[in-house]
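S.K.: Got a structure for you, questions after.
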Amino acid sequence: MSDEAKTEGAEPITIRVRDQTGEETFFKIKKSTKMQKVFDTYAQRKGVQASSLRFLLDGERIEPNQTPKMLELDDQDQIDCMLEQTGGC
Amino acid sequence: MRNEVEDYLRGEPGASVSIRHLVDALSQSNRIKNAYAKQKESLFGPISRRLKHLMAIARGQNNPALEARYQITTVLRLISRRPSATAKLVNSWDDLKKELSLDMDFAEPSEEVSSQFAALRVTPKFELVQLTSPPPPISPADKKLMGVAQSVAPKKIEYEELGEKGPWAEHLEQKQAERAVEKAEEDARYDELEQQLEEKQKEEEAKKLASSLLRDYTNEEEDMIQSATCGPGWEQEVLQSEGPDTVLRGSMRTLRPGQWLNDEIIHFFLVMLAKRDEELCLADPDRKRSHFFKSFFITKLRNEGHTDPNKDGAYEYRNVKRWSKKVPGKDIFNLDKIIFPINQGRMHWVCAVAFMQEKRIQFYDSMGSSGKEYLDDLFQYIKDEHQDKKKAPLPDEDQWELVTCTSDTPQQGNGFDCGVFTCMFADFLSKNCPLLFSQKHVDQCRKRVALSILLGKAIL
């Protein structure tokens, strides 16, 4: 990896996580940090199991191993957090 | 319709085409196809189809332009089946209208046409044809029927010379009238038989397709399903993944009989259907891709669960504006179908499908609710998406049809199987297969979903 890419990865950006209730939570992370860290911190803060949350970017789920750089997320970009859904009747 | 006919006639050198040609050409126009699609949708007989049509009018969902087309197409079909009529040449809209006016009433027939045809209806046809123009070529079948008329033909001269009706003319008239009745009866029988045959064939094909979708499973497959859904293991263990989508063991367990399905199962199954759809499109270049949104699409579109009570359930396009980026071709208007799984009130699964080429959005609920609010919002989404991405209002907006849950939609017989029904609606519809399954197939369907997920592809 070139030096330039490294510096770009180190630069922190703010990501907004918006949930169904309309509430937004801000995370300041490096572009090279795995999203797993955001997901875990978010779940912990909300007091829910991470496995009951679904994080989406433009309607598709985000893989925990991906980084903002891989997802082409920029500063102030928003991702959605949805609660598990279930149904039977 | 008139314009289409005239355009077609202008495009023809010699400007004279047979009705058969015209019917063929018009059937290929998309708008007529819609009318056909509506007819084909029903596997019932012509009477109940007509009733259905009338009911649609009564419900106020009717669109006069489509209705006119529907009527004309029906009449064209009838005429095209009648061997005596298909060879007739027409070279203008009025000509065609003349032909049609024997079978249907136009809203505003021109005086000229109606007076001519009032005359035609009371006067036996043979007088016009046989006395003024050379007889048309006679087919063997016609010859047999016209045996009597042929044999008395010479006498006709006498009748003309005398200027009054002789006994032969009366005889001829009588025979012709008898023949007309016979022919009409024969035509009706023929139409009926053909229709029955057509329906039977369609039914058989559909059954074949449905049974291929609901096959039995091998012992190995049964074991695989059993161990994944009922076997021991950690809840959070990832059993299957495809790109960013995963299925945990805990979700897989919701496929056990009697359990409510969660979103992970439904979405992963739809990812498998999308994969199958992609393969089918590769094999058939004429097939357009379909897209399967996640149920969160509707949740976001309608702001469901918002803490502000004014916003909760309120449509907001902005929330899903970017979602079509992940659609094949990034253009929802070039898709065949869009499947929307919907989670209702965190307790019920239903499905809506936008048939983009047929301009129809239909709602499928195994509990039979109408789904009107979802249809309205989805239609608004399509309009907003067109405005946003194509920078123009949706064309032919009045041709779109919103179909609430129909009475023949398969229904669940309990309080836990709706997720399975939703998966099957998506499965069958994306393969263009009629919804020939019911509550008794549900265990097999649960296994179908489980196996498709475990194999990483929708089983065929």
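FYI, it's all coordinate maths here, none of it is from the lab. As the structure is a computational prediction, the values presented were derived from the model and not from experiment. Every residue, glycine among them, receives a Cβ derived from its backbone with ideal geometry; neighbour counts consider all protein chains shown.
S.K.: Sorting B:Met347, B:Met252 on the 10 Å Cβ count, fewest up front, what's the list?
M.R.: B:Met347, B:Met252
S.K.: Between A:Lys30 and A:Ser52, how many nm apart are label points set 7 Å from Cα along the C-beta direction?
M.R.: 3.3 nm
S.K.: If I take the Cα coordinates of region B:315-460 and project them onto the principal axes, what are the three extents in Å, biggest first?
M.R.: Extents along the principal axes, in whole Å: 47, 33, 28.
S.K.: Turning to a different aspect of this structure: How long are the three semi-axes of the equivalent ellipsoid for region B:398-456, computed from the Cα gyration tensor as the root of 5 times each eigenvalue, in whole Å, largest first?
M.R.: Each semi-axis is √(5λ); the values are 23, 16, 9 Å.
S.K.: If you don't mind, another one. Averaging sequence separations of C-alpha pairs under 8 Å and six or more residues apart, then dividing by the length of chain A, give the relative contact order as a whole percent. Each step should come with its number before you reach the end.
M.R.: Numbers: 125 pairs, mean separation 31.2, N = 89.
Relative contact order comes out at 35 percent.
S.K.: Partner chain Cβ atoms within 10 Å, averaged over the residues of A:57-66 - can you pull that number for me?
M.R.: 5
S.K.: Scan around B:Leu248 for amide H atoms under 5 Å from its own, H built in the peptide plane at 1.01 Å from N, and keep only partners 5 or more places away or cross-chain.
M.R.: Result for B:Leu248 returns B:Leu239.
S.K.: Mind jotting down the distance between the C-alpha centroids of region B:398-460 and region A:34-89, whole Å?
M.R.: Going from one Cα centre to the other spans 29 Å.
S.K.: On average, how many beta carbons from a partner chain sit within 10 Å of the beta carbon of a residue in A:77-85?
M.R.: 5
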